[in-house]
Amino acid sequence: MMVWNRENRQKQQRPSVPPVEPLTRSGLMWLLVALVLAVVPHAVALPIWLSTLFFAMAGWRGFIAFRNRALPARWLLLAVAVLAGAGVLIDFRTLFGRDAGVALLVAMTACKLLETRGLRDGVVLVFLGYLLVMGNLLYSQEIPLVTYLFAVVLLMLAAQVMIHRQHAGLGALAPLRLTGKMALQAVPVMLILFVLFPRIPGPLWGLPQDAHKGRTGLSDEMMPGTVSTLSKSDAVAFRARFTGPFPSPSQLYWRGPVLWNFDGRRWTAGEAPPSPVPVPFTPEGAAVDYSVILEPSNRIWLLALDLPAMLPPQASMTPSFQLVRQQPVNEVYRYQMRSYPQYRTGDLQATERARALRLPSRGNPQVRALAAEWRAQDTRPESMVGRALAMFRQQTFYYTLNPPLLGTDSVDEFLFNTRQGFCEHYASAFVFLMRAAGVPARVVTGYQGGERNTFGDYLIVRQSDAHAWAEVWLEGRGWVRVDPTGAVAPNRVQDGLYAAVTDGQNLPFLIRRGGDSAWLHQLAMSWDSLNNSWNEWVLAYGPDRQKEFLSGLGFGAVDWREMIIAMTVALAGFVLVVVGLRWLDQGSRDPVVRAWQRFCARLARRGLARGVQEGPLAFVQRVADRRPDLAEPVCEIGRLYATLRYGPTASPEDVHQLQRLVRQFRT
């Protein structure tokens, strides 16, 4: 007996474990739909086996919910989790980084689905869903994807509402209506934070290396085929908006990496360290002011018209007038520039002259012999340049996207055998010829031209506009641009790539301008104008753009302290406005409060006004004491109102009942 009493007391002293609040079928279905939609964009980058695993496990969890089957055993889930983690490790060779991290998150979310039982598990899945949504932004931030992800977030919020209000009697569309209202109410707060929250240069945190892979663009080296590969891409490299008139096509040379070293096949930069101040030169014409909206490239260089006369923030300039940034451009970056298309540079240093004349010790004997022949006839650099351009212009050379492969003596083979090439072939051969003839020369890579978008009045420069040209140093003029491609295909400079090549039908649609599909091209330009506005005002809204925008609103020069004060005042003002409107309009939209107010107004007209501090039950009891003939309907209305107003739930049937009783009430 004593043993039984002791065991009974021990059982009574044990802390009670709260029961697990179950996750209803409706809440789980909303959650499954939202999670599947969050993973769909990832399916392009995920291994096929992992996408199949996630969608299969999501379908299995839905089948279990509909058929009231038991969840799988823990040992099976553990085995699936270990195998999935091992599969991610095998595929990506790591568990860290963007691609491997997202894949591991998808695998673990799939496993979590099959152990989800209660409310707490549902909340965990909701936050995993938000992480999956944000993971999509590591791959793209374009308007269609952001719009899609916003809809997924609304569904995720609706799933969260269904999880936490499982017994509220909500209709099928009620969660979406509620989340829509929540999103609309959050828009002013979002705009205030977006506009006024102080921006800092660069990202708040570092991203893994593979977060920026797959970027296309210029390289800091050039060999046959390097630029022609880019010419087949219609991806936007950058956009430019000019303050005044557009420069002529012959002035649209966007300067990128400058290449000095040649090993017989490959040109590389070998550039001197950059300077924090612009390299001096003598302008000989009007300046061009413009802004550049640069697409992410994972490169440190910036693009500018020849020759740049200023430096963007946190940028520097090499002695070759190339702009470089401290950090790679891994986000849409906007900067202001000023350039002088007509210029004269300074003297050539001895070290630069040696670098601009350096050639491999052997190789390409025919070109060397030709240069020696020219030099024997006339040693003037201008004469050498003229002879080379005349050779390209007068002899049979072809400008093509698909030149034949070249061997060891690539310059000899190009000039004397194949004579088919793209801009890198002509620039490389020209610079080799000049150096062999004793004229300092170098290769410049970048972009040439662009397409004017009349919808937004700006210039679109695509990867297909990638170009290579040459610069020679002439006494009294300094570095002078020479484009040998223009001698072979003059319309390349004036009208773009499509007008210059004979095999242009193989180019992407956006590069082929005009023709029967002109209306489609105009539609593409209008869409690009929308994308440009998105880039300028959302993706490229950095510290400089923020200060420029606030100054344009009349705030003058602002610093981060003033922006924090302005942001706090704006948020406080918005809260006060919302609270005031709710106070003035309280009950005007709530059918329960509206019915109660009509009921109280009818009694007040009969001298039975409700006191300010009088609760609903106390009020109806006082009315019943003074008017026993009204006691039954008054007490019923008061009890129903108190239940609906202060109880845990409010079903539509009870609301309709209260409205009916108030309509039928007569004094």
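If you go through the range 356-370 and keep only what is part of a helix (DSSP H, G or I) and either more than 15 Å from Val472 (Cα to Cα) or open to solvent by 40 Å² or more (accessible area, probe 1.4 Å) (or both), you end up with Leu357, Pro365, Gln366, Val367, Arg368, Ala369, Leu370.
Among the residues that make up the range 606-621, is at least one of them touching a residue at least 60 places away in the same chain (Cβ under 8 Å) and hydrophobic (A, V, I, L, M, F, W, C)?
The first filter runs over the range 606-621 and keeps only residues touching a residue at least 60 places away in the same chain (Cβ under 8 Å), leaving 606.
Checking the rest, the ones that are also hydrophobic (A, V, I, L, M, F, W, C) come to none.
No, the range 606-621 has no match at all.
The condition (being under 15 Å from Trp260 (Cα atoms), within 36 Å of the chain's Cα centre (by Cα) and small (Gly, Ala, Ser)) is satisfied by just one residue among Gly446, Gly496: Gly446.
Look through Val623, Val593, Val578 and report the one residue that is open to solvent by less than 80 Å² (accessible area, probe 1.4 Å), over 17 Å from Arg645 (Cα atoms) and more than 42 Å from the chain's Cα centre (by Cα).
So the residue among Val623, Val593, Val578 that is open to solvent by less than 80 Å² (accessible area, probe 1.4 Å), over 17 Å from Arg645 (Cα atoms) and more than 42 Å from the chain's Cα centre (by Cα) is Val623.
When Arg602 is tested against the conditions (1) over 23 Å from Ile192 (Cα atoms); (2) free of Cβ contacts under 8 Å to residues at least 12 places away in the same chain; (3) surrounded by 13 or more Cβ atoms within 10 Å (Cβ to Cβ), the lone failure is (2). The criterion of at least 3 residues that are touching a Ser or Thr at 6+ places or on another chain (Cβ under 8 Å) is met, among helices (runs of 4 or more DSSP H) falling completely within the range 52-142, by 119-136. For Phe432, the conditions (1) more than 23 Å from Asp289 (Cβ to Cβ); (2) in contact with a Leu (Cβ under 6 Å, 6 or more places away or on another chain) are fulfilled apart from (2). Within the span defined as the range 134-145, every residue fails to be modelled with pLDDT of 90 or more, more than 24 Å from the chain's Cα centre (by Cα), open to solvent by less than 20 Å² (accessible area, probe 1.4 Å) and under 30 Å from Ala235 (Cβ atoms).
Identification of strands (runs of 3 or more DSSP E) wholly contained in the range 265-354 with 2 or more residues that are open to solvent by less than 30 Å² (accessible area, probe 1.4 Å) and in contact (Cβ under 8 Å) with a residue 60 or more places away in the chain yields 333-339.
Screening the candidates Arg69, Arg98, Arg74 for the property of being more than 23 Å from Leu154 (Cα to Cα), of a type in the set (D, E, K, R) and open to solvent by less than 40 Å² (accessible area, probe 1.4 Å) yields one hit, Arg98. May I ask you to verify whether Val36 is surrounded by 10 or more Cβ atoms within 10 Å (Cβ to Cβ), modelled with pLDDT of 90 or more, within 29 Å of the chain's Cα centre (by Cα) and under 18 Å from Gly129 (Cβ atoms)? Yes: the conditions hold for Val36. Kindly establish whether Gly615 is surrounded by 13 or more Cβ atoms within 10 Å (Cβ to Cβ), of a type outside the set (Lys, Arg), modelled with pLDDT under 85 and out of contact with any His (no Cβ under 6 Å at 6 or more places or on another chain). Spelling it out, it is not the case that Gly615 is surrounded by 13 or more Cβ atoms within 10 Å (Cβ to Cβ), of a type outside the set (Lys, Arg), modelled with pLDDT under 85 and out of contact with any His (no Cβ under 6 Å at 6 or more places or on another chain).
The values are calculated or read from the model by the stated rules, or taken from the named source; none is laboratory data. Since this is a predicted model, take the numbers as computed values, not measurements. Counting neighbours? That spans all protein chains shown, and the Cβs are built from the backbone with ideal geometry, glycine included. Remember, those area values only see protein heavy atoms, side chains included, never the ligands or the DNA or RNA. Shrake-Rupley method; radii C 1.70, N 1.55, O 1.52, S 1.80 Å.
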